[in-house]
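Undergrad: Below you'll find the structure I mean.
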Amino acid sequence: MVNKILTTTEGTHRGAFGSQEWGLMLFAGITWGASFLFIAEGLVAFEPGLIATLRIFFGALTLTFLPKARAPVPREALRPIIALGFFWMAFPFVLFAIAEQKITSALAGMLNGAVPIFAVIIATIMLAKTPSRTQIVGLGIGTIGLVLMGLPSLGSASSAFGVLLVLIALASYGLSINIAAPLQQQYGALPVLWRSQLAALVMSLPLGGYALTKSSFAMTPLLAMIALGVGGTALAFVAMTTLIGRVGGSRASVTIYITPPVALLLGWMVRNDSVAPIAIAGSGVAILAAWVVSREKVTG
């Protein structure tokens, strides 16, 4: 499966989500929901390129201390692993940091609920297999939630640009989730993620170095980057990649439906972000979509 870069596969667990799947999903979803707050805190002192580089650095450093991460993988696996590092980390991390200069962390987190839409569409193309009825229903519900979350930003050109950047990043996430499935099943989450993060770090260093010259230093933003790297870039990615191998990319992508309410709540509590009632309703609709897909039992 790894002789081509852009391949995907079905999950090994085809039943409805059990306690392990729900545990992995909730941990990754809640941790990523908090990540948008950490990004917003980082922007107080750091430029977007430096934020992306620092979170990858602290994430890769965390995984380096886990012996299983250094388990060998064959040379032919390196190309898709490097591609994963670009599409899942180096590229979208920068886009998210830039976008949060235009929109609130709460809105960025809520829009993140669109990942399953892109993941299912890309999986359909890569597997040449029509989504199940349950997935289509969940996708439809999630689309409604996305529209409701994005409506308040349409009145501002600056906000609309931020939303566009987030959507591009989410499409990159959708592709990455599918690429990760066969890699995790063959080599495990830790060896794949450690190498992909090292590759992403190399890719981001030039932009991060330039951004460093434009940034200032403050302790709180640095602590936010450490938390973002250890939690949102190392541990949450391990949980998500493990889940992807178990249930497949499109089903695992509903994890992202957990992030909007967490991002919304933290943005409101910590940063006093203004959140429109219609966006709150959209967040609830997104959670409903996650529940619908989690109940699916895959056959065939």
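The values are calculated or read from the model by the stated rules, or taken from the named source; none is laboratory data. For clarity, every value in this text was computed on a predicted model and none was experimentally measured. Neighbour counts are summed over all protein chains in view; Cβ atoms, including those assigned to glycine, are modelled from backbone coordinates with ideal geometry.
Undergrad: Give ALA123, ALA108, ALA83 a once-over and let me know the one that is out of contact with any Phe, Trp or Tyr (no Cβ under 7 Å at 6 or more places or on another chain) and crowded, with 24+ Cβ neighbours inside 10 Å.
TA: Working: ALA108 fails: out of contact with any Phe, Trp or Tyr (no Cβ under 7 Å at 6 or more places or on another chain); ALA83 fails: crowded, with 24+ Cβ neighbours inside 10 Å.
On inspection, the qualifying residue turns out to be ALA123.
Undergrad: Check ARG251 against each of (1) farther than 18 Å from ILE30 by Cβ; (2) surrounded by fewer than 24 Cβ atoms within 10 Å (Cβ to Cβ); (3) in contact (Cβ under 8 Å) with a residue 24 or more places away in the chain and name the one condition it does not meet.
TA: (2)
Undergrad: Six or more apart or on different chains, Cβ under 8 Å: which pairs go from a residue in region 196-209 that's free of Cβ contacts under 8 Å to residues at least 12 places away in the same chain and surrounded by fewer than 20 Cβ atoms within 10 Å (Cβ to Cβ) to one that's among the charged types (D, E, K, R) and part of a helix (DSSP H, G or I)? Could you list them?
TA: none
Undergrad: Name the single residue that is nearest to ALA199 (Cα to Cα) among those in region 32-70 being among the polar types (S, T, N, Q) and touching a Leu at 6+ places or on another chain (Cβ under 8 Å). Full working, then the answer.
TA: Step one: list which residues in region 32-70 are among the polar types (S, T, N, Q), which gives 35, 53, 62, 64.
So of that shortlist, the ones also touching a Leu at 6+ places or on another chain (Cβ under 8 Å) come out as 35, 53, 62.
Numbers: SER35: 21, THR53: 11, THR62: 15 Å.
That would be THR53.
Undergrad: Tell me, yes or no, whether region 28-48 has at least one residue that is within 17 Å of PHE237 (Cβ to Cβ) and either part of a loop (DSSP other than H, G, I, E, B) or among the acidic types (Asp, Glu) (or both). I'd like the intermediate steps shown before the answer.
TA: Quick first cut of region 28-48, residues within 17 Å of PHE237 (Cβ to Cβ) only: 28-36, 38-39.
Narrowing the set further to residues that are either part of a loop (DSSP other than H, G, I, E, B) or among the acidic types (Asp, Glu) (or both) leaves none.
Among the residues of region 28-48, not one is within 17 Å of PHE237 (Cβ to Cβ) and either part of a loop (DSSP other than H, G, I, E, B) or among the acidic types (Asp, Glu) (or both), which makes the answer no.
Undergrad: Please find, among ALA60, ALA77, ALA90, the residue that is modelled with pLDDT of 95 or more and crowded, with 19+ Cβ neighbours inside 10 Å. Break it down into steps so the answer makes sense when it comes.
TA: Working: ALA77 fails: modelled with pLDDT of 95 or more; ALA90 fails: modelled with pLDDT of 95 or more.
Only one candidate qualifies: ALA60.
Undergrad: A follow-up question, please. Restricting to region 251-300, name every residue that is more than 15 Å from the chain's Cα centre (by Cα), within 25 Å of ILE121 (Cα to Cα), of a type in the set (Val, Ile, Thr) and assigned to a helix (DSSP H, G or I).
TA: Result: VAL285, ILE287, VAL292, VAL293.
Undergrad: Report whether or not ALA181 is on the phi < 0 side of the Ramachandran plot, crowded, with 23+ Cβ neighbours inside 10 Å and in contact with a Phe, Trp or Tyr (Cβ under 8 Å, 6 or more places away or on another chain). Show your work before the answer.
TA: Numbers: on the phi < 0 side of the Ramachandran plot: yes; crowded, with 23+ Cβ neighbours inside 10 Å: yes; in contact with a Phe, Trp or Tyr (Cβ under 8 Å, 6 or more places away or on another chain): no.
No, not satisfied.
Undergrad: May I ask you to list the residues in region 124-139 that are within 19 Å of ARG295 (Cα to Cα) and touching a residue at least 40 places away in the same chain (Cβ under 8 Å)? Give the derivation first.
TA: We begin by selecting, within region 124-139, every residue within 19 Å of ARG295 (Cα to Cα); these are 130-139.
Listed by number, the residues that qualify are PRO131, SER132, THR134, GLN135, VAL137, GLY138, LEU139.
Undergrad: Could you tell me how many of the residues in region 187-232 are over 18 Å from the mean Cα position of the chain (by Cα) and of a type in the set (Val, Ile, Thr)?
TA: Matching residues across region 187-232 total 3.
Undergrad: Evaluate region 183-201: report whether one residue or more is touching a Lys or Arg at 6+ places or on another chain (Cβ under 6 Å), at pLDDT 90 or above and among the hydrophobic types (A, V, I, L, M, F, W, C).
TA: Among the residues of region 183-201, at least one is touching a Lys or Arg at 6+ places or on another chain (Cβ under 6 Å), at pLDDT 90 or above and among the hydrophobic types (A, V, I, L, M, F, W, C), which makes the answer yes.
Undergrad: Ok, one more. Within 18 Å of LEU24 (Cα to Cα), in a helix (DSSP H, G or I) and in contact with a Leu (Cβ under 6 Å, 6 or more places away or on another chain): is that true of ALA239 in this structure?
TA: Working: within 18 Å of LEU24 (Cα to Cα): yes; in a helix (DSSP H, G or I): yes; in contact with a Leu (Cβ under 6 Å, 6 or more places away or on another chain): yes.
When the stated conditions are applied, ALA239 passes them.
Undergrad: On the given criteria, is VAL115 assigned to a helix (DSSP H, G or I) and surrounded by fewer than 24 Cβ atoms within 10 Å (Cβ to Cβ)?
TA: On the way: assigned to a helix (DSSP H, G or I): yes; surrounded by fewer than 24 Cβ atoms within 10 Å (Cβ to Cβ): no.
Judged against the criteria, VAL115 is not a match.
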